[in-house]
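Right, one structure below, let's go through it.
The values are calculated or read from the model by the stated rules, or taken from the named source; none is laboratory data. Since the structure is predicted, the reported quantities are computational estimates derived from the model, not experimental observations. Note that we place each Cβ from the backbone using ideal geometry, even for glycine, and neighbour counts take in every protein chain shown. To get the accessible areas, we keep the full protein, side chains included, count just its heavy atoms, and leave off ligands, DNA and RNA. Shrake-Rupley method; radii C 1.70, N 1.55, O 1.52, S 1.80 Å.
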Amino acid sequence: MQKCILIADDSETVRTIIRTFLESQAGFEVCGEAVDGVDAIEKAKALQPDLIILDLAMPRINGAAAASILKGMMPDTPIILFTIYEEVMVKSLASAIGVDLVLSKSDGMGKMVQHVQHLLAAS
C-alpha cells in the first residue's frame, strides 16, 4: 500500500525535486502539495497524509507554526521540518512543537528519502 506524503514549501522547484525523489521510491506517493502553512493545514485535513514535510520559512504561517497546529490535529502523523537553517535554536523549537525531525536542505535528498522511509516504517 502506498504511503501518502504531503509536501509544503513555497518554492515550486523545491516541491518538484522532493516529489521526484520520493516518488522514485517504491511505496511513496505525494498526495498533495502546499504553498504555505495555511495551505498545508487545509490539505492535511482533507488528505490525511501518512507523513508531512514542511519548509520552515513560508508565507502566511511558517512551518513551525503549521507543525504545531498539525500535531494537535494529527498527533501520530510524522512531520519533517525541511529548512535551510541549521541552527540549534531551530532544533529546540522543533522539539518543543513535536516535530519528528529537522532536516537541513544542505543534507540532500538522499538523506530525506532515508528519513522518510524510517519514519513511515515506524508509523
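Structure values in brief
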| read-out | value |
| --- | --- |
| Of the criteria (1) under 21 Å from residue 104 (Cα atoms); (2) touching a Gly at 6+ places or on another chain (Cβ under 9 Å), which one residue 1 fails | (1) |
| Count of the range 27-63 residues which are part of a strand (DSSP E or B) and either on the phi > 0 side of the Ramachandran plot or not charged (D, E, K, R) (or both) | 9 |
| Cβ-Cβ under 9 Å pairs, at least 6 apart or on other chains, the range 51-62 side crowded, with 19+ Cβ neighbours inside 10 Å, far side in a loop (DSSP other than H, G, I, E, B) and of a type in the set (Gly, Ala, Ser) | 51/123; 55/11 |
| Residues located in the range 34-50, provided they are in contact with a Leu (Cβ under 8 Å, 6 or more places away or on another chain) and open to solvent by 50 Å² or more (accessible area, probe 1.4 Å) | 43, 47, 50 |
| Residue ID - nearest to residue 69 (Cα to Cα), chosen from residues in the range 103-123 that are open to solvent by less than 30 Å² (accessible area, probe 1.4 Å) and without any contact (Cβ under 8 Å) to a residue 60 or more places away in the chain | 103 |
| Residue in the range 10-26 that is most open to solvent (accessible area, probe 1.4 Å), counting only those that are charged (D, E, K, R) and in a helix (DSSP H, G or I) | 12 |
